[in-house]
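One structure is given here, and the rest of the page talks about it.
The values are calculated or read from the model by the stated rules, or taken from the named source; none is laboratory data. Keep in mind it's a predicted model, so treat the numbers as computed, not measured. Every residue, glycine among them, receives a Cβ derived from its backbone with ideal geometry; neighbour counts consider all protein chains shown. What goes into the accessible areas is simple: the full protein's heavy atoms, side chains included, and nothing from ligands, DNA or RNA. Shrake-Rupley method; radii C 1.70, N 1.55, O 1.52, S 1.80 Å.
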Amino acid sequence: MRLLSDTDADISLAAQSLKAGELVAFPTETVYGLGADAFNPSAIAKVFEAKKRPYFDPLIIHIADADSLERIADLSTLDAAVLKKVETLTGSLWPGPLTLILPKKSLIPDIATSGLKSLALRLPAHPVARKLIRLSTGAVAAPSANRFGCLSPTRAAHVQEQLEGGIDFIIDGGRTGLGLESTILDLCSGLPRILRPGGCSREAIEELIGRVEASPAPGGIPADPPRPSAPGQLKSHYAPRTPLSVYTRLEMIEAPPEAGTIYLFFDGVSRETWLARYAPLLPPSCPVHTLSETGDTLDAAAVLFDLLHNLDRLSLKAIRAELAPELKLGPAINDRLRRAAVR
Ligand code: TXA
Ligand code: MG
């Protein structure tokens, strides 16, 4: 494995490697992705192997400009109203953290989509990602660059820790800005449906195209089917090694501190309320953290995985995490926390 910088020369070297069927981890505005040429089935197979990801969990295809959409997605089967929604969404929210599920064209190999007739398509906003995609074949299949089931990477070092050995290159672009994966919106079946809440809020989508469904419904994680038919959402995911449990604000504030436990508050208000009550009872070196001092969900999302990576290194007994309010990026934060809590 070789660590590359985000200079033009290194990005161009990485693009050549992608074309040659090698794997390149690269920064996006959400999390680091583990890329393979989207037209090369054996390169894509290596992605599943490197991540230890089951073959039934399809990948997102990344493109560098909106014109590439029709090269890869088959829009001919969509009715006019859905087509209009695709245009509106891509016109306003691309490039950005919104992945669209659309009918697939056959030039994308079945292994990338786990045999589905649909595919997940995303135009990332990160300049390094776009340059890399543009200089390669124009379409890069990339899941998040973590081991299957582990925390998503927001830094090159996280990728290195989890995937060293299985991949050829990592482009280091520093910490990712948004810190949470993209929102996945299914436009293939009836009313648009959010399959995974993420960096693009439901409010932002609904403002543009009207009501969308959310699945899983906010607050609920569905049970794992043996093999997900509408794929994607295996229940246990994004998990740190330290057992994590989630609590409402009231539950957080009322619980007295315990030795060996890490406290992760959503905002400064809940932390201060708890400390006002329990500071005298705090065990020595009890880690107390806050996702966003002011309670801003965008700020909280940006540090969530980064903080969990760091807290995990403390190797303590447990993490108690407070749920975010269910607005803006709150549902995405809570989705990741709840999945991290499933054992
Ligand atoms: O922000 C992101 O989306 C990051 C960066 C690297 O772009 N990527 C990412 O990929 O999170 P991954 O593989 O970790 O998550 C992609 C999700 C999976 O849960 C997969 O099952 C779902 O997208 N997915 C892919 N194709 C699908 C399809 N045709 N229908 C439904 N879900 C699909
Ligand atoms: Mg992932």
Practice task
Inspect all residues belonging to region 193-202 and state whether any of them is within 13 Å of ligand 1 (Cβ to nearest atom), surrounded by fewer than 21 Cβ atoms within 10 Å (Cβ to Cβ) and modelled with pLDDT under 85.
Solution key: no
Exercise for the section: Quickly run through region 111-143 and pick out the residues that are within 16 Å of ligand 2 (Cβ to nearest atom) and touching a Pro at 6+ places or on another chain (Cβ under 7 Å). Expected result: Ala112, Thr113, Ser114, Ala120, Pro124, Ala129
Practice task
Kindly indicate whether any position in region 83-94 is at pLDDT below 95 and open to solvent by 20 Å² or more (accessible area, probe 1.4 Å).
Solution key: no
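So that you can scan it fast, the table gives a plain yes or no per residue for (1) among the charged types (D, E, K, R); (2) open to solvent by 50 Å² or more (accessible area, probe 1.4 Å); (3) in contact (Cβ under 8 Å) with a residue 12 or more places away in the chain:
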position: Ser42; (1), (2), (3): no, yes, yes
position: Lys46; (1), (2), (3): yes, yes, yes
position: Phe56; (1), (2), (3): no, yes, yes
position: Asp79; (1), (2), (3): yes, yes, no
position: Leu107; (1), (2), (3): no, yes, yes
Exercise for the section: Go through region 134-161 and give me each residue that's over 18 Å from Leu178 (Cβ atoms) and open to solvent by less than 10 Å² (accessible area, probe 1.4 Å). Expected result: Ala139, Val140, Ala141
Fill in the blank from the handout: Flagged in region 298-323 as closer than 19 Å to Ala204 by Cβ, open to solvent by 10 Å² or more (accessible area, probe 1.4 Å) and in contact (Cβ under 8 Å) with a residue 12 or more places away in the chain, in numbering order, are Leu298, Ala302
Handout entry: Residue list for region 95-105, filter: open to solvent by less than 40 Å² (accessible area, probe 1.4 Å) and under 22 Å from Glu207 (Cα atoms)
Key = Gly96, Pro97, Leu98, Thr99, Leu100, Ile101, Leu102
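Which residues, counting only those in region 16-33, are more than 16 Å from ligand 2 (Cβ to nearest atom) and crowded, with 22+ Cβ neighbours inside 10 Å? So that I can check it myself, show each step before the final result.
Initial filter on region 16-33 (more than 16 Å from ligand 2 (Cβ to nearest atom)): 16-22, 24.
Across region 16-33, the qualifying residues are Leu18, Val24.
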